[in-house]
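Peer 1: First, the structure itself, so that you have it in front of you.
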Amino acid sequence: MDTQQAIPEPPEPVTPGDQPPSLGRIPFVDNTVAMLRDPLGFYDRAGAHEADVVGYNVAGTTGCFVCHPDLVEQVLVTDADAYEKGRLLQDTLGQFIGEGLFLLEGEEWQRQRTALQPAFYRERIAAYGDTMTAFADRTATGWADGQRIDVRPHMQSLTLNILGKTLLDVDIETTADALEPLLDALRKRLDPRSLSAYLPLWVPTPTNRAVNRSLAEFQSTLDDVIAARQREDASAREARDDVLSLLLSLDDETMDRERLGHQLLTFLVAGHDTTALTLTYAWFLLANNPERQQRLHEELDTTLGDSRPTPEDLFELPYLDAVLNEVLRLYPPAFTVFRQPTEPVTLGGYELSPDAQLTLPQWLVHRDERWYDAPDAFRPERWNDALEASLPDYAYYPFGGGPRHCIGMRFARMEAKLALATIAQQYAVEAVTEPPLSLAMQITLSPTEPIEVRLRER
């Protein structure tokens, strides 16, 4: 890996006054209008502020951006017990996944996380490797030299097939027909540029009607999947260790129909859409940086030859790992973390009440020039020993952190690297879509237009 000048001692968080400074002269008006017009631009305003804790008021929700790694670590790790996911997430996502692992709190969250953990043990994840490479190989086999493709739908199909086979052990094709319309409707509803994002679901806007319709269809499909699994012989179910079987092994009081549906939707969104986006952004960045794509190809050719990658091979592919790190730094699908204090807290010298909604944005921290040289540039080689030794722990947190970090982190990283390696062995990609990307903050950080590349067989 290339060397890079070590970053100097990290600066302390900037807290210039007794109260967090606010964005805008009249925050309620200025912030709400800015969020409706350009959510990413509004975030960037917070990132450009001299303070590391910056107040906001959007549509009556008051809170703070928290933009220093030390403060992020305090919230997610050091004082984790003093915070919960909070009212904003419950108001926006609670009716869809409120009983899923992402939003549960307290003892119930701990109980279900413990029950699901075996599906994500290191050795269990390694056993998924052949399935991951097989689906990636099948994806590449369906392409042709010179073909121009919109990357995202291909990556969505790939990750959904992998998820269905590995974590759920179901035929995902029928589920996909119901899942994608629901995800599309949810993206539109949760886009902060949409008025529906600030209205209850029962308000009959076109977006809300689409959500309710697609949600009913998806729930019906899930009912069929669950019923099929429950019809299996008890000994056959007990022999399984996929997520669906682990959920069904919980007692009826813990895992009723609504909670089971929320859990499955949580895993389908988190385990499918986020990795699909990561791979989409990876092909975009590699296509627009041919010299770095060539370096990746050389590493794959030298290490793997004509063999398909295995989980064990990934330890011998440091540049592939650096590529993934850099993709997740620049375009983290989970672009922010939300927390709300359960009691009065002190953060960065400020006294914050339990009403404060804290926004801990990877989008800003990952692109902060205090931690990264040329932060907007795609430079996988920056991930060397010097950077990692000097980087604050929470200057990079694409999967969150602390006790609530993403349970599927190892799964997602292995899946992304095996898919990238398998496909890059067979194809180089040439840029059709060029920077800058138009992005939307929806459920995830998503492109608003197709991301296209041209395939060149290797």
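The values are calculated or read from the model by the stated rules, or taken from the named source; none is laboratory data. Just so you know, these numbers come straight off a predicted model, no measurement behind them. No Cβ is skipped: glycine too gets one built from the backbone with ideal geometry, and neighbour counts run over all protein chains shown.
Peer 1: Pairs please, first residue from region 341-354 and farther than 12 Å from Asp79 by Cα and of a type in the set (Gly, Ala, Ser), second anywhere and surrounded by 18 or more Cβ atoms within 10 Å (Cβ to Cβ) and at pLDDT 90 or above, Cβ atoms under 7 Å, 6+ apart in sequence or on different chains.
Peer 2: Close Cβ pairs (under 7 Å, with a partner that is surrounded by 18 or more Cβ atoms within 10 Å (Cβ to Cβ) and at pLDDT 90 or above) amount to Gly348/Asp52; Gly348/Val53; Gly348/Leu71.
Peer 1: Is it the case, given these coordinates, that Thr175 is at pLDDT 95 or above, touching a Leu at 6+ places or on another chain (Cβ under 8 Å) and in a helix (DSSP H, G or I)?
Peer 2: no
Peer 1: Also, I was wondering about something else. Tell me, which residue of region 225-249 that is farther than 18 Å from Pro118 by Cα and surrounded by fewer than 14 Cβ atoms within 10 Å (Cβ to Cβ) is modelled with the lowest pLDDT? Even if it seems obvious, please write down each step before you answer.
Peer 2: Kept after step one, since they are farther than 18 Å from Pro118 by Cα, are these residues of region 225-249: 225-235.
When the remaining residues are screened for being surrounded by fewer than 14 Cβ atoms within 10 Å (Cβ to Cβ), the result is 227-228, 230-231, 233-235.
On the way: Ala227: 80, Ala228: 79, Gln230: 77, Arg231: 81, Asp233: 76, Ala234: 70, Ser235: 73.
This residue is Ala234.
Peer 1: Name the residues in region 73-104 that are assigned to a helix (DSSP H, G or I), more than 29 Å from Leu183 (Cα to Cα) and not polar (S, T, N, Q), would you?
Peer 2: Here is the first cut: in region 73-104, the ones assigned to a helix (DSSP H, G or I) are 73-78, 80-82, 87-97.
In the following step, the residues that additionally are more than 29 Å from Leu183 (Cα to Cα) were identified as 73-75, 77-78, 80-82.
Passing the criteria: Glu73, Val75, Val77, Ala80, Asp81, Ala82.
Peer 1: Still on this model: Would you confirm, using the coordinates I've provided, whether Thr359 is under 21 Å from Val54 (Cα atoms), in contact with a Phe, Trp or Tyr (Cβ under 7 Å, 6 or more places away or on another chain), of a type in the set (S, T, N, Q) and not in a loop (DSSP other than H, G, I, E, B)? I'd like the intermediate steps shown before the answer.
Peer 2: Numbers: under 21 Å from Val54 (Cα atoms): yes; in contact with a Phe, Trp or Tyr (Cβ under 7 Å, 6 or more places away or on another chain): yes; of a type in the set (S, T, N, Q): yes; not in a loop (DSSP other than H, G, I, E, B): yes.
When the stated conditions are applied, Thr359 passes them.
Peer 1: Among the residues of region 414-458 satisfying the criterion of being within 19 Å of the chain's Cα centre (by Cα) and β-branched (Val, Ile, Thr), which is modelled with the highest pLDDT?
Peer 2: Among those that are within 19 Å of the chain's Cα centre (by Cα) and β-branched (Val, Ile, Thr), it is Ile451.
To keep it simple, each residue is scored yes or no on (1) charged (D, E, K, R); (2) closer than 29 Å to Ala197 by Cβ.
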residue: Leu391; (1), (2): no, no
residue: Pro398; (1), (2): no, yes
residue: Gly402; (1), (2): no, yes
residue: Met409; (1), (2): no, yes
residue: Arg413; (1), (2): yes, no
residue: Ile423; (1), (2): no, no
residue: Thr433; (1), (2): no, yes
residue: Pro436; (1), (2): no, yes
residue: Ile443; (1), (2): no, yes
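Peer 1: Moving on. Go through region 178-209 and count every residue that is in a loop (DSSP other than H, G, I, E, B) and under 19 Å from the mean Cα position of the chain (by Cα).
Peer 2: Residues of region 178-209 in a loop (DSSP other than H, G, I, E, B): 191-194, 199-205.
Pick out the ones that are also under 19 Å from the mean Cα position of the chain (by Cα) and you get 191-192.
Looking only at that region, the number is 2.
Peer 1: Mind listing just one residue for me: the one in region 362-396 that is hydroxyl-bearing (Ser, Thr, Tyr) and assigned to a helix (DSSP H, G or I) and, of those, modelled with the lowest pLDDT? It would help to see each step written out before you state the result.
Peer 2: Narrowing region 362-396 to residues hydroxyl-bearing (Ser, Thr, Tyr): 372, 390, 394, 396.
Imposing the further condition that a residue be assigned to a helix (DSSP H, G or I) reduces the set to 390, 394.
Working: Ser390: 91, Tyr394: 97.
Once the filter is applied, the top-ranked residue is Ser390.
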